[in-house]
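Worksheet: the structure to be examined is printed underneath.
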Amino acid sequence: ADGKYVPFHASRQGRDFYIKIGDPKKTIMGLHQYHIHYTVRRAINFFNNAPEVYWNVTGDEWHMPIDKVVAQVVFPSVRDKSELRAKSFIGQEGSTQSSPYALEPNRATFTCGRLQPAEGLTVVLGLPEGLITKPTQWQEFLYLVADWWPLAVLPAITLSICFNMWWFLGRDAVKRQA
């Protein structure tokens, strides 16, 4: 805010990522401007081996208006800007209204003016095939495991606990015959 660092707290709730900006012990009044920078990994989709970024920049669950949004997508440089395909959408969910964007050989900048509550900015950027290497099937499998590990680990732990309880506590004693 105003060129100074402001403390923040970031957290996840399900698929949502929340950022709380400022000191919770201080109340501020008036207009404040914040610049939020973040890096996203694994956000590239591949269609016929051509990479595409489809990103909901602001979300549409804001209860306050947003005066201005500028989103930049940085990528490896291309020879010709005509190899890029871009589109942006502003407004409520499902809106087809577009907003301005500028393409450069290594970045796309999307901008929009005022967004009302429940409105957002979504950007789409198609890149030429081969510019970004598609993950291998093994990498995709590892991503899947990283995302969904509780679905494998929690049942395995439960099965292990149940088996141990049966093994040590639930089996009938072996009868010996003389």
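Before moving on, here are some points about what is shown:
- Index of the failed condition, P51 passing every other in (1) in contact with an Asp or Glu (Cβ under 7 Å, 6 or more places away or on another chain); (2) in contact (Cβ under 8 Å) with a residue 60 or more places away in the chain; (3) open to solvent by less than 70 Å² (accessible area, probe 1.4 Å): (1)
- Residues of region 12-31 classified as more than 17 Å from the chain's Cα centre (by Cα) and not in a strand (DSSP E or B), total: 10
- Residues in region 54-90 that are open to solvent by less than 40 Å² (accessible area, probe 1.4 Å), in contact (Cβ under 8 Å) with a residue 40 or more places away in the chain and among the hydroxyl-bearing types (S, T, Y): T58 alone.
- Within region 13-45, considering residues that are under 22 Å from V123 (Cβ atoms) and among the charged types (D, E, K, R), the one least open to solvent (accessible area, probe 1.4 Å): D16
- Qualifying residue in region 91-103 (condition: more than 23 Å from the chain's Cα centre (by Cα), of a type in the set (F, W, Y) and either open to solvent by 100 Å² or more (accessible area, probe 1.4 Å) or farther than 27 Å from W62 by Cα (or both)): no
- Taking region 1-56 as the range and being touching a Gly at 6+ places or on another chain (Cβ under 7 Å) and either aromatic (F, W, Y) or at pLDDT 90 or above (or both) as the test, the residues that pass are A50, E52, N56.
The values are calculated or read from the model by the stated rules, or taken from the named source; none is laboratory data. For clarity, every value in this text was computed on a predicted model and none was experimentally measured. Here Cβ is always computed from backbone atoms with ideal geometry, including for glycine, and neighbour counts include all displayed protein chains. Keep in mind that these areas ignore ligands, DNA and RNA; they rest on the heavy atoms of the full protein, side chains included. Shrake-Rupley method; radii C 1.70, N 1.55, O 1.52, S 1.80 Å.
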